[in-house]
1. Suppose all protein chains stay in the model; what accessible area per residue would a 1.4 Å probe give for the range 482-640, in Å²?
2. Using DSSP to define loop residues, name the GluC sites (Glu not before Pro) in the range 307-387 whose beta-carbon has at most 16 other beta-carbon atoms within 10 Å.
3. In terms of modelled amide H atoms, which long-range or inter-chain residues lie less than 5 Å from the amide H of residue 332?
4. Count neighbours as other Cβ atoms within 10 Å of each site's Cβ, and list the trypsin sites (Lys or Arg not before Pro) in the range 367-448 that are DSSP loop with at most 16 such neighbours.
5. Cross-link partners among lysines for residue 170, C-alpha distance below 23 Å, same-chain residues fewer than 8 apart left out?
6. Enter the accessible area of residue 564 (Å², nearest 10), with the probe set to 1.4 Å and all protein chains included.
7. Using alpha carbon centroids, what distance separates the range 492-543 and the range 408-456, in Å?
8. How much of the accessible area of the range 71-178, probe 1.4 Å, is carbon plus sulfur, in whole percent?
Amino acid sequence: MFTVVRWILIIVHRVFQPSPSLDVIFVKRRKYILALLLVLAMVLPVLANTPMQVVAQEEETGKPFKLGMFGEPDYLNPILAGSIASWEFFNWIYDPLTRWDDDWGVTGGLAESWEWAENGTQLTLHLVQNATWHDGTPFTSADVNWTLFTWTWLGWWVAQTGHIDHYNIKCPDDYTVVLNFVQNGYASIYSWMAGAPFYYWNERYDSTPVEVNQEYLLTGLTYVPILPMHLWDPITWNDPVWGLNGTGYDPWGYWDYLNWDGISWNIIVPTFDTPEVGTGMFKLSEYVIGEYAFLEANEDYQWGRPNIDNITVLFYSSIETMTQALAAGEIDFCETEAPFLESLGTTEGVTLNENPFLGWEALLIDQDWYYCNTTDKFALREFSVKKAINQAINKTKIAQIAYLDHAQPADSVVHSTLKWFNNALVTFDAGTAEAMATLEADGWVKNTGGVYEKDLNGSTKALEFTLKYVSGAPVDLSMVQLIEADLEAAGFGITLQAVDTTTFVTDTAAGSRNFDLAVTFYSQIADPNSIAQYMTTPSWINPTGLSIARVDEIYAEQKLADDSEREDLIDEMQQLVYDEASVCILVEFNDLEIYRSDRWEFAHTDWESGIFSIWNWMSWLEADVYVLLPSAFPIEMIALVGIAVVVIVIIGIVYMKRRG
C-alpha cells in the first residue's frame, strides 16, 4: 500500500514540477498523466477493501458462531436439569428475575427493581415492561406467578424458593409481583417415593410469616429461569386430559391422589416434551441428541439484539478432538484442559482466557446404605476408612501434575475466593504414614497382598474399591492415576474404571448410585445457600448420600439468620462436611477457555468461571466479530486521498487543454 502511494506522489511531482525551459516536450507530460491514471486504477480497488467492505460482507453472510461442548445437557427441562451443560443453555434461552453483577452483588433481570417491607416478610418486584417470549407473546407477572407457584408446589429447587408462600403470590398488575414469606411455603400433599411405602403425607406448609435473609433470597432468584405460563400451563395444570379439570383427572387415582395432584408426573418424567421457549437472548431452534444444537439471535431481546446471529453447539466426546477442532478453525470457542495448551503452542489467532472455576474437584466416597450393603462395600461407610482416604491423597501433586499448575489444593465445599469461605477450617494430618496409622488404630490389618482388611458384620472386608471417572478427559485420567498410587501406598486396593459421561452421571446420581469411589466436579453460586442445600440429607443432588443432622438444621437456619449469624452457620457447615469425610475436596481448578480471537472479541472475560459461566450473560450479548482497521489508512484518510486524486486529475486535464 505504501509503495503504491509513493509512486502516485512521484508521478504527481513529475507532472507538475516547474519546467526548466519552454522546450520541454509536452508528450512526455502526457505519458506521466496516463501513468497517473493507470496507478489510480490500481489503487482504487485496494482502497475499496476497507471496513465498509467488511460490513457489507457481514450483512451478506451474517455472524455465525460455532462452539464446542464436551458432553451435552442432561435435560432441557429447567425443573429437572442438573448438569452444567444444561444451565449453560438456559443462560442463553431464559432470563431470571435477578442477576449477578461484576462484583457478586445483585442487579436486575426480569425484575428491574424491588423493595422490601420493613419487617422483611414481603418483597415487591417491579418487572420490565418490554420483554416478550420467543413466540412473540408479551411477558407479564402471570408468568412469574406461575413459575414460582409451580416450583414451590413441586418442592423442586428448594434452595431458592422454600419460604415463598405459594398460596399468597400477588400480581396487582401485569408488571408487579408481591411475594410473601412464611416458615414453609411448600404444599402439604401426598408425595411419591421410589421405595416403600411408595407414598406418604408430607405436612410441609406452615403459614407463619418469617423475615428471610435478603441476600439469600435475591441471589437465589438468579438461579430460577422464568417459564412461559401460556405454553406450560396447558400441558400441566390445565392439560385437557390430566389437568385438574381434564377428562382423565381422578382425585383418587394413582397419578393424582398419590403423585402430587396431577402435575408433577408430567413435568418430572424425563421424556416429557417441554417447550424450550424463553425470553433470553437466543432461541433454540434445533437440537439433535449427540450431534449439535442450533440457536438463533432473539431480534426482540429486551436488552438489545446480540451481535452474534446464531450459535451452533457441537457436542464432542473427546476434549482433545474438540481442542484440535478449534486450532484448525472448525469451531470458534471451547473449554479445554491443561495438557492440550502446549499442543496449541503459538497457534495464530487463538486466545486463552483463564479464570478460577467457581467450584471444585472431589473424590466421592459412596455412603448409600443400600449400595454399600448389597455390594459388600460396607467398609466405605467406616469413618476410619474415609479419613484415611482423605489423608493419603496428595492434593498438591494433583494440582501440579494433573492440572499442570492450573489448580490449587482445596479442602472446603465453599470456594476460597468467596467471602463465605471458612479460613479457620481444621483439617486432618495428611500423608501415607498418617493414613495407615488411622486404619491401624481402628483395627485394620494388612493381608498378604498388602491391602488392609477387617471383620465387619461377621465377614472379612478388604479395602478394595473401584474408582470411576469420565473417559475422554486426560486431566481425570492423570488425577485417578495419582489417587490410585497414593491409596495403594496406604494399603488400599484400587481398580480404575472409565465410563462415558451419560453413564457416569447416572451412576453418581442420588437414587441410582452405582460406584465405590468417583472423581467429579461441582459448581456453586456465590451465595452459599445452594451448596448448603446440596449437602443436606434429602437433597437430590447430594454428592455421596452423606447424612448429617446438624447440616440439615443449618441449611434451614441460615435462610432466616442475619448476615453475621449466617456467616457463622456457613463456617460450621463447612467444618461438619469436611469432618464427615465422604466428600474429599481435592482442588479448586481454573477454567481454561480458548477462542478464535482472529474472528471474535469478547467483553466481561474476567468473571469467575469465565466467559461460559452460567451467570455471565453479558459476554454473549456483547461478543462481536473482530475487525482490524488499517491503522495507516483510517476512513478519514482514505476520503482525503480520494479528494486529492480527483483534484489532481482535474488540474491535469485543464493543464493539457491549455497546452494543447
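The values are calculated or read from the model by the stated rules, or taken from the named source; none is laboratory data. Here the structure is a predicted model, which means the values were calculated and not measured. With ideal geometry, Cβ positions are generated from the backbone for all residues, glycine too; neighbour counts draw on all protein chains shown. Protein only, heavy atoms only, side chains kept; ligands, DNA and RNA dropped before computing areas. Shrake-Rupley method; radii C 1.70, N 1.55, O 1.52, S 1.80 Å.
1. 36
2. 330, 348
3. 66, 67, 68
4. Answer by residue number: 419.
5. 559
6. Rounded to the nearest 10, that gives 80 Å².
7. 19
8. That share works out to 46 percent.
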